[in-house]
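Since the structure comes first, as structure tokens, the remarks are kept for the end.
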Amino acid sequence: MESALLYMVLLRLLSGSIEITTATLMWKFNDLEKALMLNSMLALVGPTILILTTAIGISGLSEKISFLKMLCLFSGIVLVIIGMKIK
């Protein structure tokens, strides 16, 4: 297995574990204010993991794809993040 792929898998497992832990904490606290605070913290985790996993994947493919394709991929990620922030 390529190291880039392994790091991507590990980051996604970490992200999923954080999501499950947060959901469990929301259930345990049984408080809407605390649940909203925890959910807000998750809003930082998701995009960060997305950027990191994509960056690792692109760096692993850097010899196989052109600079223009890399630029398009990163532009797409930026647009997704902007789209999430716009109400």
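Of all residues in segment 30-51, those that are free of Cβ contacts under 8 Å to residues at least 12 places away in the same chain, in a helix (DSSP H, G or I), more than 25 Å from PHE74 (Cβ to Cβ) and of a type outside the set (Gly, Ala, Ser) total 5. Any residue at all in segment 24-36 that is within 18 Å of the chain's Cα centre (by Cα) and open to solvent by 50 Å² or more (accessible area, probe 1.4 Å)? No, the conditions are met nowhere in segment 24-36.
Scan segment 47-62 residue by residue and report those that are of a type outside the set (Val, Ile, Thr) and open to solvent by 30 Å² or more (accessible area, probe 1.4 Å). Across segment 47-62, the qualifying residues are LEU50, LEU52, ALA55, SER59, GLY60, LEU61, SER62.
Only residues that are open to solvent by less than 70 Å² (accessible area, probe 1.4 Å) and either of a type in the set (S, T, N, Q) or more than 24 Å from LEU14 (Cβ to Cβ) (or both) were counted across segment 63-82, and they come to 4.
The values are calculated or read from the model by the stated rules, or taken from the named source; none is laboratory data. Here the structure is a predicted model, which means the values were calculated and not measured. Cβ coordinates were reconstructed from backbone atoms using ideal geometry, including for glycine residues, and neighbour counts include every protein chain displayed. Protein only, heavy atoms only, side chains kept; ligands, DNA and RNA dropped before computing areas. Shrake-Rupley method; radii C 1.70, N 1.55, O 1.52, S 1.80 Å.
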